[in-house]
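Engineer: I have a structure here, written as structure tokens, and I will follow up with some questions on it.
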Amino acid sequence: MNIMNRLERKLYRLRVEPFFRYIIFAMAGVYLLQMLFPPFNLISKLLLVMPMVYLGEVWRLISFLIVPPLYDPFSALLNMYFYYFIGTSLESKWGARRFLLYFLLGALGAVLAALITQVGTNHFLYMSMFFAFSLLHPEQELLLFFVLPVKMKWLALFNAVYYIYMFIVGDWPQRVAMIFSLLNLFLFFGGDMLTMIRDSINHWQRKRRFQNAQRR
């Protein structure tokens, strides 16, 4: 965290305004243009494909950040709204500079993964924002399917288990993308997560000792 604080202080030389909503607006615009003009195949021109970058299409190093979720319109809209809610909430809580640092580190991780696998994705970058929000607001509830209230900590736990499973059964490019795109999460929250795990283990051990003493 000291490293993060030093990096954040360097950004104080710059005037950083809240920016994340513009990324989501651009993402929505890309999705709409893809729907209206499918022959142009806009999304394929924005994806992070390193062989195309080597041929001069350097914009892909940035444009992949606004590639929308490739779902049906309703599901894509829900995903983009969720990204907007999570991102702007973090931006409001941390401030634009700290959030920019978190976002840039995640984007850099995605690019580094692409250098290894030759293809990049923004999916795990945005999921790292979800996990960050869950760590900061574990008790906040969301209405799953607009009906079922679920706390963020349980939703995060479910996704963490799912990603661990995907890491085990997935191919190596997927594993590389997961590791590098989530580096920002561990850089920002690694100490907190280790403390939480240690406290949980200590609590479980105390509970076991109490139960064993009660049986005697």
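Engineer: Between Glu57 and residues 5 or more places away or on another chain, which pairs have amide H atoms under 5 Å apart, with H built 1.01 Å from N, and which residues are they?
Structural biologist: none
Engineer: Please sort by residue number the GluC sites (Glu not before Pro) in the range 76-163 whose DSSP state is loop and whose Cβ has at most 12 other Cβ atoms within 10 Å.
Structural biologist: Listed in order of number, the matching sites are Glu139.
Engineer: Give the shape of the range 42-106 as rounded, prolate or oblate, defined through the alpha-carbon gyration tensor: a ≥ b ≥ c are the square roots of its eigenvalues, a/c under 1.5 means rounded, and otherwise the shape is prolate if a/b is larger than b/c and oblate if not.
Structural biologist: Oblate shape, in that a/c is at least 1.5 and b/c is the bigger or equal ratio.
Engineer: Now for a different question. Quick one: what are the phi-derived ³J(HN,Hα) couplings along the range 16-23, Karplus 6.51/-1.76/1.60 with θ = phi - 60°, whole Hz, x for glycine and proline?
Structural biologist: Going residue by residue, I get 10, 9, x, 10, 5, 4, 5, 5 Hz, with x marking Gly and Pro.
Every number in this text was worked out from the coordinates using simple rules, so none of it is lab data. Values in this document were obtained by computation on a predicted structure and should not be read as measured data. Cβ coordinates were reconstructed from backbone atoms using ideal geometry, including for glycine residues, and neighbour counts include every protein chain displayed.
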